[in-house]
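Where a number appears in this text, it was derived from the coordinates with a stated rule and is not lab data. The structure presented is a predicted model; accordingly, all values stated were derived computationally and were not measured. So basically every Cβ, Gly included, is an ideal-geometry build from the backbone, and we count neighbours across all protein chains shown.
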Amino acid sequence: MKAQMTLVATLLVAMPVFGQNPAQGRSGGAPAAQEQAAPAPPPGSAGIFKSNTDLQTVLKAAIAKTNDMATSPIALTDQYRVNIVHRPKANGAIAHPGNTELHYIIAGTGTVTTGGKIVRKPGAPASEATIEGGESHDLKPGDVIIVPAGSAHMYSKVNGEITYLEVRFVAPK
């Protein structure tokens, strides 16, 4: 776990800084639309630090409140969003226009499906959306998936539960 948290710190320090449209929040654990995202630390500042103990405490509390996705926010700024995400089950297909995502698998296994087209059956909830024509990859700890801006993605299978570091940022043109 120490190596994983070192990766988190490295990503936070080395991550390129691009504008994040706060209105393009995230589903499940997102700040409310009326909340203003905090400004990212300025260049040359000390940055953001969260201890593994604090992150795990927040994540455990979030998991206790739901039987769905739970998050432990690391940095939710006007330029990027970084969370530890815990999923106990598969989710419906989604896409984030303008935002690229990197998922680094910390614990658990599952299958992610990316690309293709989001398919929603009439009258069905968005959480039941699927992907037609995408690519599926089995995931295990240490694996990384990068989802380009606007690309369909979903955890189509979760084997028990899966936890990952999510880094979302506006992709350069």
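Some points to look at:
- Gain in span if fully extended, T53 to I145, counting 0.36 nm per residue against the direct Cα distance: 30.6 nm
- Taking amide H as placed 1.01 Å from N in the peptide plane, V158 has its amide H under 5 Å from the amide H of A90, T111, each at least 5 places away in sequence or on another chain.
- Here's the list of lysines a cross-link from K65 could span, going by alpha-carbon distance under 30 Å and ignoring same-chain residues fewer than 8 apart: K2, K50, K89, K121, K140, K157.
- Length-normalised contact order for region 38-97 - Cα pairs under 8 Å, 6+ apart - percent: 30
- Proxy reagent accessibility, fewest Cβ within 10 Å first, across I105, I48: I48, I105
- Under the Debye formula (equal points on every Cα, no solvent term), log10 I(q)/I(0) of region 30-173 at q = 0.10, 0.15 Å⁻¹: -0.36, -0.83
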